[in-house]
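Worksheet: the structure to be examined is printed underneath.
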There are 2 protein chains.
Amino acid sequence: MSAKPSLHTSISPALLHLYDLSNSVVVIIDVFRATSTIASALYNGAKSVIPVDSVAKAIEISRRIDGIAAGERDGMIAEGLSHGNSPLEYTRDFIENKTLVLTTTNGTRLLQMALDRNADTIISGSFPNLSAVCDFLVKENKNVVLGCAGWKDRFNLEDTLFAGAVIHAVSRHFTIHCDSSLMAETMYLKNKNKLTEFAPKLTHYHRLVERFGLIEDINFCLTPDVANILPLYKEGKLVTG
Amino acid sequence: MSAKPSLHTSISPALLHLYDLSNSVVVIIDVFRATSTIASALYNGAKSVIPVDSVAKAIEISRRIDGIAAGERDGMIAEGLSHGNSPLEYTRDFIENKTLVLTTTNGTRLLQMALDRNADTIISGSFPNLSAVCDFLVKENKNVVLGCAGWKDRFNLEDTLFAGAVIHAVSRHFTIHCDSSLMAETMYLKNKNKLTEFAPKLTHYHRLVERFGLIEDINFCLTPDVANILPLYKEGKLVTG
């Protein structure tokens, strides 16, 4: 019987360098809201989502390929763009058969870091596509690094809660010696039946809800399997895996 | 009425740069075992503890001042030294009126980082001196950064549990908007009545107990107020504050 693959949780982009990504599936986690938006867009029929690191690049690429340039900075639609980082914006009517070119504060930056560190495979995860992520990880049977995007390198709980949900679902298939993963699963189990009630305690909740009134976004981002699709990174694009 | 000072928790040395230390009391936390050992040595009458970053420096300084050179690397007594990082080694018989020159893998490194970042005040904390730390923080009424030493920049739960114990005791005196602190307090409250039973789940427990048989060290390091003294950093030394 061969040993089970390992699973680790990186709770901030500033800690990603501690983990060997070159033989791992890396799950990019940015619950509020990049990876929830990516799941929503692909679930509603987007051809692909191209993550980019600047507004200028989003505009340039979207013009060239006739795509939708979108993104946020500090929680707001980025200056120069007409579409933001709300998963509810990307309905089937709007996004079907189109390409979304997306830039965000934390999630797309973390994805670029995983690329730079030669990750074997990159997928994106969020509560809306929880089951698809778990099914893929079990099927692949490779080492896993759950990469939390955080907020400007700070730890945040919503990404960790999602990591905990994944760990709870897949732990019997992996060898886990990692205090971050133990903490993430514990925090998830404590809050799993009251995620939306717990949300007002989160730093990022205040940023999104009190400043921008995005309560419906928050509720979508905390609901498991409402956009249950697997975003898989291939040749510069996230496509349905 | 003036605003309450802020409290943040830095859950890895790799995240310390995110916090402004220049107007803060920084609590260096390395539960297994540096800050427990510092509390033990001062509680048992050591004149001071001089934290240094290398074995060579520990030997050189201890010779010059007729002190005790001590320290560990990767959990073991460091090569070239006769004394390690066990709090139980520093009994009153042995350490009273002596100076301990200590080098460790994580705790003394974090203290140096706090110095480099111009921390206003530096103290060290661990369960054996929990109440002394809390009393000092409330009395000072300044901003606080709880600095977890972790393990080679990785998050560990024992330091976070201690941060949670401090937060639980002092939270009403501070303004806390920090997911790390919320997580730390939650993890502490879940485990506070069974810290020693919880310990076998920790990565570092396996390092210390399975490899080195240090179960008595672990139990001491998890017992509140058994060496209840305040180690305060002043002019290169930790002295009783």
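The values are calculated or read from the model by the stated rules, or taken from the named source; none is laboratory data. Given the structure is predicted, the values throughout are model-derived calculations rather than measurements. Methodologically, a virtual Cβ is constructed for each residue, glycine included, from the backbone with ideal geometry; neighbour enumeration extends over all protein chains shown.
Among the numbered criteria (1) over 15 Å from the mean Cα position of the chain (by Cα); (2) within 14 Å of chain B (Cβ to nearest Cβ); (3) farther than 15 Å from A:Arg33 by Cα; (4) not in a loop (DSSP other than H, G, I, E, B), which single criterion is violated by A:Leu208? All conditions are met except number (3).
Being over 30 Å from A:Phe174 (Cβ atoms) and among the aliphatic types (A, V, I, L, M) holds for only one residue in A:Leu88, A:Leu115, A:Leu110, and it is A:Leu88.
For segment A:184-197, the tally of residues that are touching a residue at least 24 places away in the same chain (Cβ under 8 Å) and either closer than 19 Å to A:Pro87 by Cβ or within 11 Å of chain B (Cβ to nearest Cβ) (or both) stands at 6. On inspection, A:Leu102 passes the criterion of being surrounded by 17 or more Cβ atoms within 10 Å (Cβ to Cβ) and at pLDDT 95 or above.
As a summary of the residue check, A:Leu111 satisfies the conditions (1) touching a residue at least 40 places away in the same chain (Cβ under 8 Å); (2) within 14 Å of chain B (Cβ to nearest Cβ); (3) part of a helix (DSSP H, G or I) except for the one numbered (2).
Each row is one residue, and each column tells you yes or no for (1) in contact with a helix residue (DSSP H, G or I) (Cβ under 7 Å, 6 or more places away or on another chain); (2) under 14 Å from A:Ala39 (Cβ atoms); (3) at pLDDT below 95.
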| residue | (1), (2), (3) |
| --- | --- |
| A:Asn129 | yes, yes, no |
| A:Ala132 | no, yes, no |
| A:Phe136 | no, yes, no |
| A:Lys142 | no, no, no |
| A:Cys148 | yes, no, no |
| A:Lys152 | no, no, yes |
| A:Leu157 | yes, no, no |
| A:Ile167 | yes, no, no |
| A:Val170 | yes, no, no |
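For segment B:40-64, residues that are surrounded by 24 or more Cβ atoms within 10 Å (Cβ to Cβ) and out of contact with any strand residue (DSSP E or B) (no Cβ under 6 Å at 6 or more places or on another chain) total 1. Inspection of segment A:165-172 identifies at least one residue that is within 24 Å of A:His204 (Cα to Cα), within 14 Å of chain B (Cβ to nearest Cβ) and touching an Asp or Glu at 6+ places or on another chain (Cβ under 8 Å).
Consider A:Phe220 against the criteria (1) crowded, with 23+ Cβ neighbours inside 10 Å; (2) of a type outside the set (Lys, Arg); (3) under 17 Å from the mean Cα position of the chain (by Cα); (4) farther than 26 Å from A:Asp116 by Cβ: it satisfies all of them except one. Which criterion is unmet? Only one criterion is unmet by A:Phe220, namely (1). Residues in segment B:52-94 that are among the β-branched types (Val, Ile, Thr) and not in a loop (DSSP other than H, G, I, E, B): B:Val55, B:Ile59, B:Ile61, B:Ile65, B:Ile68, B:Ile77.
Any chance you could count how many residues in segment A:73-91 are more than 16 Å from A:Cys221 (Cα to Cα) and either exposed (fewer than 13 other Cβ atoms within 10 Å of the Cβ) or at pLDDT below 90 (or both)?
Adding up the residues that qualify gives 8.
When the test is whether a residue is touching a residue at least 60 places away in the same chain (Cβ under 8 Å), β-branched (Val, Ile, Thr), closer than 19 Å to A:Leu230 by Cα and within 14 Å of chain B (Cβ to nearest Cβ), A:Val31 passes it.
Of the residues making up segment B:218-241, just one is out of contact with any Pro (no Cβ under 8 Å at 6 or more places or on another chain) and polar (S, T, N, Q), namely B:Asn219.
The condition (being β-branched (Val, Ile, Thr), more than 14 Å from chain B (Cβ to nearest Cβ) and in contact with a Pro (Cβ under 9 Å, 6 or more places away or on another chain)) is satisfied by just one residue among A:Ile215, A:Ile123: A:Ile123.
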